[in-house]
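This report refers to the structure that appears directly beneath it.
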Amino acid sequence: MPQDPLMETHVKKALNATRSLHKRLRELEEATHNDGINWKPLKKLAADANKDIQAMRRHASDEAVRADVRENILREAVRDDLIDREANAARVLDKQRTALEANASELAAFERARMAAMAVENAIAALCPHGNKQCVGVAVLAEATATAAAAAAAAAAAAAASCTESGDRA
């Protein structure tokens, strides 16, 4: 999963700041030559801050991966539920067809009822936000590009048709 660019920017700034702090503390230690200041705990504090920032980066990355896995598991569960419902509907339809094949006159009514039920199921499925889309990112971009290209072609055809019509009238 790609990292959050804003998070990465802040992490890089914080890591650079702790490195710079550690470097300047070392330079001050060398420049002062035993003025009685204990520089070691200050440098250790800067190094610990750097390590903690790196640990927080790893933790945020792990949480993003976990969230992605959870989302995919839920999407798969919804897909499996949809498959189960469709299989159950097919079994019920087969049982109804078998029962009604005995009476040929009732078969036409059965077909009308089946078509109405399919129309209702399709309308309900169209309302579901968790459709069978496997890869939403690239598919959405490809669909948008195709739609835009089709719209541009239709506009060009309409413009050509209007030019042709205006040329015929003149």
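Every read-out reported here was derived from the displayed coordinates using simple, explicitly stated rules and does not represent laboratory data. Not measured: the values here are computed from a predicted model. Methodologically, a virtual Cβ is constructed for each residue, glycine included, from the backbone with ideal geometry; neighbour enumeration extends over all protein chains shown.
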In terms of Cα to Cα distance under 25 Å, which lysines are near enough to residue 12, apart from those fewer than 8 places away along the same chain? 23, 40, 43, 44, 51
For segment 5-132, the dipole about the Cα centre with charges only on Cβ (Lys and Arg +1, Asp and Glu -1), to the nearest 20 debye, works out at 760 debye
I'd like the FRET efficiency for residue 60 and residue 39, computed as 1/(1 + (r/R0)^6) with the beta carbon distance as r and R0 of 25 Å, rounded to 0.05. 0.20
Determine the gain in length on full extension of the stretch residue 153-residue 121; use 0.36 nm per residue of separation and subtract their C-alpha separation, reporting nm with one decimal. 8.1 nm
